[in-house]
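Bear in mind that the values in this text are calculations on the coordinates, not laboratory data. Bear in mind that the values here come from a model prediction, so they are computed numbers and not experimental data. FYI the Cβ positions are ideal-geometry reconstructions off the backbone, even for glycines, and counts take in every protein chain you see.
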Amino acid sequence: MNNSGILIDEKYYYLAKKFIEVCHYFNYEVVAEGVETKEQFEALRDLGCDKIQGYYIAKALPIDKLGDMLLKN
């Protein structure tokens, strides 16, 4: 499911909410990918997304830079 529509159309927001609820009912973890804005992040967090990844969190890193980033954070 593309997460960009949840901020534009109420139907997409409702669909995302129900999708997350169904996943949680069946004990699945919900991971949102491709999150690029604070608004998307906050909406998905408020909907109960378990994990969120994308450029808003961090840009992709070469493996040799990962250790440095983890040590700093």
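Here are the numbers for this structure:
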quantity	calculated
Cα-based helix-to-principal-axis angle, 38-47 vs the chain, degrees rounded to 10	60 degrees
Nonlocal Lys pairs with alpha-carbon distance under 23 Å, the chain (8 or more apart, or different chains)	13
Segment 3-72: relative contact order as a whole-number percent, Cα under 8 Å and 6+ apart	28 percent
The chain: chymotrypsin sites (Phe, Trp or Tyr not before Pro) in DSSP coil with no more than 10 other Cβ atoms inside 10 Å	PHE26
Cα long-axis angle, helix 10-25 against the chain (0 to 90 degrees, to the nearest 10)	80 degrees
Neighbour cut-off at most 14 other Cβ (10 Å), DSSP loop, GluC sites (Glu not before Pro), segment 23-73	GLU29, GLU33, GLU36
Nonlocal amide H pairs with ILE52, under 5 Å, H built at 1.01 Å	ALA32
